[in-house]
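Participant: Here it is, the structure, as structure tokens.
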Amino acid sequence: MEEVVVLIVGAGPAGLATAACLSQFSIPYVIVERENCSASLWRNRTYDRLKLHLAREFCELPHMPYPADTPTYIPKNTFIKYVDDYIECFTIHPRYLTVVESSTYDFNGKYWSIMAHDMAKCTIVNYRAKFLVVASGENSVENIPVVPGLENFPGVAIHSSCYKSGIDYSRRNVLVIGSGNSGMEIAYDLASHGANTSIVIRSPIHVMTKELIRLGMTLVHYLPLKMIDGLLLMMANFVFGDLSRHGITRPEKGPLVLKSETGRSAVIDVGTIGLIKNDKIKVHGRITKIKGKIIEFEGGKEASFDAIVFATGYKSTANSWLKNDKDMLNSDGLPKKEFPNHWKGANGLYCAGLGRRGLAGIAMDAKNIANDIKRSRLYVQLN
């Protein structure tokens, strides 16, 4: 049994940011990670052309700005280099290949009892922690919806986490399912590499330029969200026109209000809309069933495909190992409380990076958690 003050589960940006903030107060911690590297989602499960969709001022981790020559919209490899520098700067030593199997709170001893599996040594490790931080991420495992007939599809069917580049799909008929930022950008990448590309858009979405989102996020410090949304929608209309005739409708709520209330982000266009307008990318509605290579859509329209890319997001796995928490996380492994009060549970339990607010939200969570532990009566008693 190893006694620790704070145990952080997950060495993605949220876990690393929490570790850095704790180190500012000299609060000891242990950070464990199930993969063999930090920020494994960014390193291993993202496509080649990815850039951060928000400007760099909204994507910094706490206590370390980007170098002055960093581009405004940061490429994936530049961000990974930033993460590596962050780990070195704050002397963070994640314990890799350590999978948390269970964690329960001991009400008599007032500590968290955590059992983990050290995959490298094939041993069980037990921790006793006064504070537990869930930083295992919103994007722990791939989410692929149930589609009738998918099991008999003879072509390639992958999750977006396995997609790297459209270079392998030239002249093939490819369907992208999911119209968030990943789905829309993957569709653009496929079409740019000569694939006959289609995309399923099942729900209303906001489409913005990166400059409009940057403007909106800057104005939130000065104006009400609804007022900013009105401005953004007016400017988006000017840029994109009416997209409803191309199968793209807007939600009733504006992009910033929707993000604030639900965590759903606007789609930041990388050129996909132009290809849709020029019929280089075809838009389909909801899938009804798959019959071999033939996919049937709502309304009876059918088309043949060689490959499917599911850009349908991820799920949190925290509930699989967090055993007796009733207050902090819901059945989906996401916070019950609304942002910005989502990060704190009971009995020294916290979550970082589960508020669906990106890297800026991660920075806020990490600072709040470290400050709260520092002020905690339990931590004061330990010292």
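The values are calculated or read from the model by the stated rules, or taken from the named source; none is laboratory data. Note that the structure is predicted; figures quoted are calculated from it, not measured. Here Cβ is always computed from backbone atoms with ideal geometry, including for glycine, and neighbour counts include all displayed protein chains. In case anyone asks, the SASA skips ligands and DNA or RNA and just uses the protein heavy atoms, side chains included. Shrake-Rupley method; radii C 1.70, N 1.55, O 1.52, S 1.80 Å.
Yes/no per residue for (1) over 30 Å from Gly183 (Cα atoms); (2) part of a strand (DSSP E or B); (3) open to solvent by 20 Å² or more (accessible area, probe 1.4 Å):
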{"residue": "Ser26", "(1), (2), (3)": "yes, no, yes"}
{"residue": "Arg34", "(1), (2), (3)": "no, no, yes"}
{"residue": "Tyr47", "(1), (2), (3)": "no, no, no"}
{"residue": "Glu101", "(1), (2), (3)": "yes, yes, yes"}
{"residue": "Ser113", "(1), (2), (3)": "yes, yes, yes"}
{"residue": "Ile124", "(1), (2), (3)": "yes, yes, yes"}
{"residue": "Phe131", "(1), (2), (3)": "yes, yes, no"}
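Participant: Assess whether Val156 counts as being open to solvent by 10 Å² or more (accessible area, probe 1.4 Å), β-branched (Val, Ile, Thr) and closer than 29 Å to Glu296 by Cβ.
Facilitator: Values: open to solvent by 10 Å² or more (accessible area, probe 1.4 Å): yes; β-branched (Val, Ile, Thr): yes; closer than 29 Å to Glu296 by Cβ: yes.
Yes; evaluated as a whole, the condition is true for this residue.
Participant: Considering only the stretch 168-176, I want to know if a residue exists there that is modelled with pLDDT under 95 and open to solvent by 20 Å² or more (accessible area, probe 1.4 Å).
Facilitator: Within the stretch 168-176, the first condition is being modelled with pLDDT under 95, and the residues that meet it are 168.
Next cut, open to solvent by 20 Å² or more (accessible area, probe 1.4 Å) only: 168.
Within the stretch 168-176, one or more residues are modelled with pLDDT under 95 and open to solvent by 20 Å² or more (accessible area, probe 1.4 Å).
Participant: Of everything in the stretch 263-311, what is among the polar types (S, T, N, Q) and closer than 30 Å to Tyr73 by Cα? Give them in sequence order.
Facilitator: Hits for the stretch 263-311 are Ser265, Thr272, Asn278.
Participant: Among the residues of the stretch 142-178, which ones are in a helix (DSSP H, G or I) and touching a residue at least 40 places away in the same chain (Cβ under 8 Å)?
Facilitator: Once the filter is applied, which keeps residues that are in a helix (DSSP H, G or I) and touching a residue at least 40 places away in the same chain (Cβ under 8 Å), the stretch 142-178 yields Leu150, Asn152, Ser160, Ser161, Cys162, Tyr169.
Participant: Of the residues Arg245, Arg286, which single one is out of contact with any Cys (no Cβ under 9 Å at 6 or more places or on another chain), open to solvent by 80 Å² or more (accessible area, probe 1.4 Å) and in contact (Cβ under 8 Å) with a residue 24 or more places away in the chain?
Facilitator: Being out of contact with any Cys (no Cβ under 9 Å at 6 or more places or on another chain), open to solvent by 80 Å² or more (accessible area, probe 1.4 Å) and in contact (Cβ under 8 Å) with a residue 24 or more places away in the chain holds for just one of Arg245, Arg286, which is Arg286.
Participant: Gly254 - would you say it is surrounded by fewer than 21 Cβ atoms within 10 Å (Cβ to Cβ), on the phi < 0 side of the Ramachandran plot and not aromatic (Phe, Trp, Tyr)?
Facilitator: Details: surrounded by fewer than 21 Cβ atoms within 10 Å (Cβ to Cβ): no; on the phi < 0 side of the Ramachandran plot: yes; not aromatic (Phe, Trp, Tyr): yes.
Answer is no for this residue.
Let's see how each residue does on (1) surrounded by 21 or more Cβ atoms within 10 Å (Cβ to Cβ); (2) within 29 Å of Trp112 (Cβ to Cβ):
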{"position": "Val5", "(1), (2)": "no, yes"}
{"position": "Gly10", "(1), (2)": "yes, yes"}
{"position": "Pro13", "(1), (2)": "yes, yes"}
{"position": "Ser23", "(1), (2)": "no, yes"}
{"position": "Ile31", "(1), (2)": "yes, yes"}
{"position": "Ser40", "(1), (2)": "no, yes"}
{"position": "Pro67", "(1), (2)": "no, no"}
{"position": "Ile80", "(1), (2)": "no, no"}
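Participant: For the stretch 269-279, enumerate the residues that are among the hydrophobic types (A, V, I, L, M, F, W, C) and open to solvent by 20 Å² or more (accessible area, probe 1.4 Å).
Facilitator: Val270, Leu275
Participant: Select from the stretch 179-230 the residues that are in a helix (DSSP H, G or I) and of a type in the set (Lys, Arg) and write down the one among them that is most open to solvent (accessible area, probe 1.4 Å).
Facilitator: Lys226
Participant: Now, a different point. For the stretch 237-268, what are the residues that are among the polar types (S, T, N, Q), part of a helix (DSSP H, G or I) and over 15 Å from Glu338 (Cβ atoms)?
Facilitator: Asn237, Ser244 - these are the residues of the stretch 237-268 that are among the polar types (S, T, N, Q), part of a helix (DSSP H, G or I) and over 15 Å from Glu338 (Cβ atoms).
Participant: Has the stretch 349-364 got at least one residue that is open to solvent by 20 Å² or more (accessible area, probe 1.4 Å), at pLDDT 95 or above and among the basic types (Lys, Arg)?
Facilitator: No, there is no match, as no residue in the stretch 349-364 is open to solvent by 20 Å² or more (accessible area, probe 1.4 Å), at pLDDT 95 or above and among the basic types (Lys, Arg).
Participant: Among Ser320, Ser265, which is closer than 30 Å to Gly333 by Cβ, open to solvent by 30 Å² or more (accessible area, probe 1.4 Å) and in the same structural domain as Glu338 (by the TED database)?
Facilitator: On inspection, the qualifying residue turns out to be Ser320.
Participant: Which residues, taken from the stretch 185-215, are hydrophobic (A, V, I, L, M, F, W, C) and under 21 Å from Met235 (Cα atoms)? Spell out the reasoning first.
Facilitator: Let us first name the residues in the stretch 185-215 that are hydrophobic (A, V, I, L, M, F, W, C), namely 186-187, 190-191, 195, 199-201, 205, 207-208, 212-213, 215.
If the condition is that a residue be hydrophobic (A, V, I, L, M, F, W, C) and under 21 Å from Met235 (Cα atoms), then Ile205, Val207, Met208, Leu212, Ile213, Leu215 are the ones that fit.
Participant: Taking the options Lys293, Lys315, Lys323, name whichever one is more than 20 Å from Arg49 (Cα to Cα) and modelled with pLDDT of 95 or more.
Facilitator: Result: Lys293 is the single residue among Lys293, Lys315, Lys323 that is more than 20 Å from Arg49 (Cα to Cα) and modelled with pLDDT of 95 or more.
Participant: Further question on the same structure: Would a scan of the stretch 53-72 turn up a residue that is at pLDDT 95 or above, on the phi > 0 side of the Ramachandran plot and assigned to a loop (DSSP other than H, G, I, E, B)?
Facilitator: yes
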